[in-house]
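I have placed the structure first, in the form of structure tokens, so that the comments after it can refer back to it.
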Amino acid sequence: MCRKVESNVTNEKRIVVLGAGISGLSVAWRLQELGFQTEICEAEDHIGGLAGTGRPDEGKYCLDFGPHFFITQKEEIVERITDLVADEVVSFERSAQLHVQDRFLDYPLSAKNVLLNFPPGDAIASVATFLWAQLMQGAQRTLGSDVHRPHFGEWAAANFGSHLAKVFFRPYTEGFWKLPCEQLSPEILPTSTRLNFMKSLRMMLLRKVSGQAQSLTERELVLPLRYPTRGYGMIAEEIAERVLNMGGVIRRNAKVSEVQARADGGYVVAANQNGQAVELETDYVVSTIPTPDLVDMMFPAAPASVRQSAKKLGYLALIVLYAVTSKRDLLDTSYVYYLGRPYHRLAEMDKFCDTLCPPGENMLAVEFSCHHGDDLWKMSGQELFELSLPHLEQDGILSRKHATKLFLLRAAHAYPIRYYGFREHLDNVLEYVQAQPNLNVLGRTGEYRYIDSDQCMERAFALAEQIADTLQT
């Protein structure tokens with residue numbers, strides 16, 4: 001447990017936060033500014049969650065959970081991040097590609113790239129089936145047809161056309177999520193990906209529709225991207241320092257086992273910290289941990305229907321293998337998404353910042369998606385390297401003799417899986433949890449939403465204001 005003696009706490013109300021990722025740290029930061037006492041319970045020995053940075057070899061290497069960068073148009077968020085790491089941030093333009101059928105395409109996928117880089121037959125089939133799908137959708141809307149709720153495979157064919165769904169969206173989706181499309185909801189695909197392809201095709205075939213807002217992906221293409229010079233986790237680490245300096249408490253290695261409701265609307269949070277039982281009395285609980293885990297911890301127990309719905313929610317795991325090398329310019333771009341490889345993304349960290357490892361060295365981040373406990377999850381770093389090496393050598397990226405060190409990061413709850421029919425179960429769980437007094441869920445894992453760190457911070461600050469209003473009335 002870490003403390004700082006200086007405190008600005010002016011309110012006797014206490015808030016316990018479950019999880020020290022970017023959401024948990026941000027809500028505690030703002031609550032401390034508002035004069036409340038916060039205490040964070042983090043199950044791991046490090047903070048930041050997916051926005052954290054591992055620092056092996058006495059901090060010589062800075063390892064993110066895949067390539068991150070910071071982008072936002074929200075003035076408050078920009079000001080806060082600037083205040084945190086102003087002198088230790090580099091800016092660059094986004095550069096990413098997709099590797100499909102031995103060709104490199106734009107990321108996100110654009111209509112122009114499909115037309116210019118796919119074989120002529122594939123390009124013509126992609127556009128023709130896309131236009132046919134749009135025509136059929138228009139006819140269904142006009143006739144008011146009663147269309148059943150589609151799974152992802154059906155939805156991709158109806159929205160992007162059957163050919164592009166077959167050659168790209170279905171294989172990439174099934175490769176990444178490690179599940180057949182029939183088990184997945186259309187909501188697994190980020191809105192920005194849908195908008196970018198459809199809008200770019202309309203712009204080419206018709207005219208640009210005025211008044212359309214830019215998607216997040218489009219903003220990434222025109223706005224500067226920011227990256228801290230000692231890894232993305234610098235942001236979380238600086239926020240943690242602010243929390244501590246204002247009298248907040250961060251308990252590492254504190255695994256919460258129970259969240260017990262009190263008759264007065266408060267809670268008792270039971271945890272095990274480094275083998276010692278801890279009980280924290282609190283007026284309010286903010287949970288950023290996986291919501292199915294929170295449901296299991298609640299006492300009195302949630303209704304059976306809620307517990308059953310919670311079991312229908314799951315998360316995709318992430319493994320990041322870092323290969324240290326003296327080679328430069330491993331990739332032509334910052335990172336590349338792959339189809340038909342055991343990994344789904346490669347990133348060259350030197351293209352983000354050249355201070356993430358000792359001088360003269362570079363790192364290749366090799367990302368694998370998997371399910372917690374499966375064969376891929378159980379592999380060692382060396383085994384994952386051996387699995388990847390034939391493809392890395394074949395593509396001329398990295399050979400065995402050029403990899404001098406290997407590091408490994410694992411995250412069991414990286415991406416909420418939006419199974420086919422998940423919405424009913426999620427609504428059932430969230431309605432119950434949010435009906436409890438003085439209890440809120442927050443963040444990617446807590447809210448079961450795919451959101452970026454700037455959005456996490458924005459939502460955390462808004463929740464802090466809401467909590468302050470609640471506890472002061």
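Bear in mind these aren't lab numbers, they're just calculated from the coordinates by the rules spelled out. The shown structure was predicted, so the numbers you read here are calculated from the model rather than taken from an experiment. Methodologically, a virtual Cβ is constructed for each residue, glycine included, from the backbone with ideal geometry; neighbour enumeration extends over all protein chains shown.
Computed from label points 7 Å out along Cα-Cβ, the spacing between Thr229 and Asp395 is 3.1 nm.
Once you put a point 7 Å from the Cα of Ala86 and another 7 Å from the Cα of Leu135, both along the Cβ direction, what distance in nm separates them? Roughly 5.9 nm, to one decimal.
Residue pairs exceeding 19 angstrom between C-alpha atoms, taken from Lys60/Lys255; Lys327/Lys405; Lys178/Lys378; Lys311/Lys378: Lys60/Lys255; Lys311/Lys378.
If R0 is 25 Å, the Cβ-Cβ spacing of Asp329 and Asp57 corresponds to a FRET efficiency of close to 0.55. Working from label points 7 Å from Cα in the Cα-to-Cβ sense, the Thr404 to Leu339 distance is 3.8 nm.
How large is the dipole of the stretch 88-176 about the Cα centre if only Lys and Arg carry +1 and Asp and Glu carry -1, each at its Cβ, rounded to the nearest 20 debye?
240
Counting only alpha carbon atoms, the long axis of helix 120-143 and the longest principal axis of the chain meet at about 60°.
Trypsin sites (Lys or Arg not before Pro), restricted to the stretch 56-114: which are DSSP loop and have at most 14 other Cβ atoms within 10 Å?
Qualifying residues, ordered by number: Lys60, Lys74.
The C-alpha atoms of the chain define a longest principal axis, and helix 422-435 lies at about 20 degrees to it. Computed from Cα positions, the angle between helix 191-205 and the longest principal axis of the chain comes to roughly 30 degrees. Bridges between two residues of the chain, per DSSP, are antiparallel at a rate of about 70%.
Using the charge dipole of the stretch 1-91 (Lys, Arg: +1 at Cβ; Asp, Glu: -1 at Cβ; taken about the Cα centre), state which of Leu34, His68, Asn11 has its Cα farthest towards the positive end. The listed residue farthest towards the positive side: Asn11.
Given the choices (1) 32, 25, 23; (2) 38, 29, 21; (3) 76, 26, 22, semi-axes √(5λ) of the Cα gyration tensor in Å derived from the coordinates of this structure is entry (2).
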